[in-house]
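Asker: Okay, here's the structure, questions in a sec.
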Amino acid sequence: MLFHRNVLIKFYIYQKLLNVKLAVLKETRANEPRVALTPAVVQNLTKAGFQITVESGAGLASSYSDDAYT
């Protein structure tokens with residue numbers, strides 16, 4: 001958990017300095033079930049001030065519905 005917290009702190013600093021915007025895109029490779037960010041991570045990064053756009057269907061192969069990202 002410490003590593004995860006340190007990463008969030010670094011992202012927060014970079015976001016404040018660079019006004020970073022993130023996007024979670026749907027995987028285009030066949031049979032690829034992974035998604036770049038889980039809904040929990042999106043929620044944490046949004047609370048930290050990031051602007052995140054999630055493409056419709058991005059998490060479906062990983063069993064995350066579009067509603068889970070809102």
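The values are calculated or read from the model by the stated rules, or taken from the named source; none is laboratory data. All figures in this text were calculated on a predicted structure; none of them were measured in a lab. Positions of Cβ are backbone-derived with ideal geometry, glycine not excepted, and every protein chain shown enters the neighbour counts. SASA here: full protein model, heavy atoms, side chains in, ligands and nucleic acids out. Shrake-Rupley method; radii C 1.70, N 1.55, O 1.52, S 1.80 Å.
Asker: Which of the residues spanning the range 15-59 are open to solvent by 40 Å² or more (accessible area, probe 1.4 Å) and over 14 Å from the mean Cα position of the chain (by Cα)?
Answerer: 16, 17, 18, 19, 28, 29, 30, 31, 33 - these are the residues of the range 15-59 that are open to solvent by 40 Å² or more (accessible area, probe 1.4 Å) and over 14 Å from the mean Cα position of the chain (by Cα).
Asker: Another one. For the range 23-70, how many residues are assigned to a loop (DSSP other than H, G, I, E, B) and in contact (Cβ under 8 Å) with a residue 40 or more places away in the chain? Steps first, answer last, please.
Answerer: At the first step, the residues of the range 23-70 found to be assigned to a loop (DSSP other than H, G, I, E, B) are 25-38, 48-50, 55-59, 63-65, 70.
Imposing the further condition that a residue be in contact (Cβ under 8 Å) with a residue 40 or more places away in the chain reduces the set to 48.
Qualifying residue count for the region: 1.
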